[in-house]
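In what follows, a structure is listed as structure tokens, so that the remarks can point back to it.
The values are calculated or read from the model by the stated rules, or taken from the named source; none is laboratory data. Values in this document were obtained by computation on a predicted structure and should not be read as measured data. Positions of Cβ are generated from backbone atoms using ideal geometry, with glycine treated the same way; all protein chains shown enter the neighbour counts. Remember, those area values only see protein heavy atoms, side chains included, never the ligands or the DNA or RNA. Shrake-Rupley method; radii C 1.70, N 1.55, O 1.52, S 1.80 Å.
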Amino acid sequence: MIDDRGPVVHQALLIHRLIELRRGNGLTQEKVARSLEWSHAKLMRYEGGTQVLPKVDLDALLDLYGVLGSGQGRKLQEIGRKARDKPWWYPHRHALTVEERYYVGLEMGAARIRQCAPALVPGLLRTRDYAHALCSMVDPDGEVDRLVDVLMGRQGVMLTRNPVPEQVYVLDEAALRRVVGGRENPGVMVRQLHHLVERSASVQLRIIPEEAGLHFGALGGFTLFDFDEGLPPVLHTEHRGRVVASKKEEDVQAYGEAFDQLVEEYALDARRSLALIEHHARRLQSRGGGSPDTGGEGAEPPGIGVGEAPSGAGADQEPVPPRHL
């Protein structure tokens, strides 16, 4: 099977294995640096993941740890080679922030993705029109087309992963009500809602209805990445348009428990979540949204109790999330 997890995750896996080897040999960072005549800061950069290991330095570490030339050493050399590969988004790297590059790299190699989206449809579930409208609003002077191309590339990579990672998304109903594209062009949102219905066949999609009240996810969106081969999970939180990564065990555990609570206690089950998405699509369709025919507005789904959004409710009253994650 082709290992298509990408250089960011291979780099993380390599570092994880090398730290295990160093500790297994009873070596501190200071002892390793002295043995190889490196500065302590150089080894810290390698083990901290801020600098990719060149082959010559990787071989020096493998030799010091006693595995150079062994099966284990050859496997780590192969992981190191993949960590040095250029990612698929490399030609677009200047359009992405450092945080966004790291996020996309982790996404590419995750075994499971759990995302809470309180305000907008998650990036991997967006249509091109929805993404273009969002990027144009958040970054009107930026490279909107390039950002949208990167997003579409992310979706393409995810669909061709083997195996495709498990994906679980929890959306607040506000994300369904918010008419990205503007009231003058509701077709953008109608097509987005229909796209969510289609994607629900291959991902787990759960909606928190507005009557559920205040919940943990309303404080800000977050994503949890889980990995194979013993790599620890990574948490990404969103706050005032910034994405912050954390590998701290207490952070990951707290947000993991919060995500489970959202699914089990606040969100509708899969069937009723789908019914709510379809309801909002019909509602917008009846107001003139351009989309494949889905029938009239219809009655509210039973047990959901959908009402009109309060006057003035909208995206302009909330911090803008990251441009396209």
Pull out the extension gain between Ser202 and Ser39, defined as 0.36 nm times the separation in residues minus the alpha carbon to alpha carbon distance; nm, one decimal.
53.8 nm
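For Thr28 and Arg287 in one chain, what is 0.36 nm times their gap in residues minus the Cα-Cα distance, to one decimal in nm? Let's see the in-between values first.
Working: separation 259, 0.36 × 259 = 93.24 nm, distance 6.64 nm.
Here the segment from Thr28 to Arg287 would lengthen by 86.6 nm.
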Please work out the average accessible area per residue across the chain, using the 1.4 Å probe convention, and give it in Å².
48 Å²
Grab the DSSP H runs of the chain that are 4 residues or longer, score each as -39,500 (n - 2.57), total them, divide by all residues and round the 222 nm result to the nearest 500 deg cm²/dmol.
-14000 deg cm²/dmol
Measuring from the longest principal axis of the C-alpha atoms of the chain, the long axis of helix 144-160 (C-alpha) lies at a number of degrees, nearest 10, equal to 70 degrees
In whole Å, what is the distance between the alpha-carbon centres of segment 242-291 and segment 156-206?
10 Å
DSSP-assigned coil residues among GluC sites (Glu not before Pro) in segment 181-253, each with at most 13 further Cβ atoms within 10 Å
Glu184, Glu229
Heavy atoms only, probe 1.4 angstrom, no DNA, RNA or ligands counted: give me Phe227, Phe259 ranked by accessible area, highest first.
Phe227, Phe259
Using a 1.4 Å probe on the protein heavy atoms, what percent of the accessible area of the chain belongs to carbon and sulfur?
52 percent
With a cut-off of at most 14 other beta carbons within 10 Å, and DSSP calling the residue loop, which GluC sites (Glu not before Pro) in segment 1-90 qualify? Please list them.
Glu37
In terms of the alpha carbon gyration tensor, root eigenvalues a ≥ b ≥ c, rounded if a/c is under 1.5 and otherwise prolate when a/b exceeds b/c or oblate, segment 29-81 is oblate
Please report how many Lys pairs in the chain have alpha carbons closer than 18 angstrom, counting only residues at least 8 apart along the chain or sitting on separate chains.
5
Roughly how big is the chain's charge dipole about its Cα centre, with Cβ charges of +1 (Lys, Arg) and -1 (Asp, Glu), in debye to the nearest 20?
1060 debye
Calculated from the structure, semi-axes √(5λ) of the Cα gyration tensor in Å equals which of [x] 43, 19, 17; [y] 46, 23, 17; [z] 36, 24, 20?
[x]
Counting only protein heavy atoms and leaving out ligands, DNA and RNA, the solvent-accessible surface of Tyr255 at a 1.4 Å probe, in Å² to the nearest 10, equals 60 Å²
Quick one: angle between helix 98-109 and the longest Cα principal axis of the chain, in degrees between 0 and 90, rounded to 10, please.
90 degrees
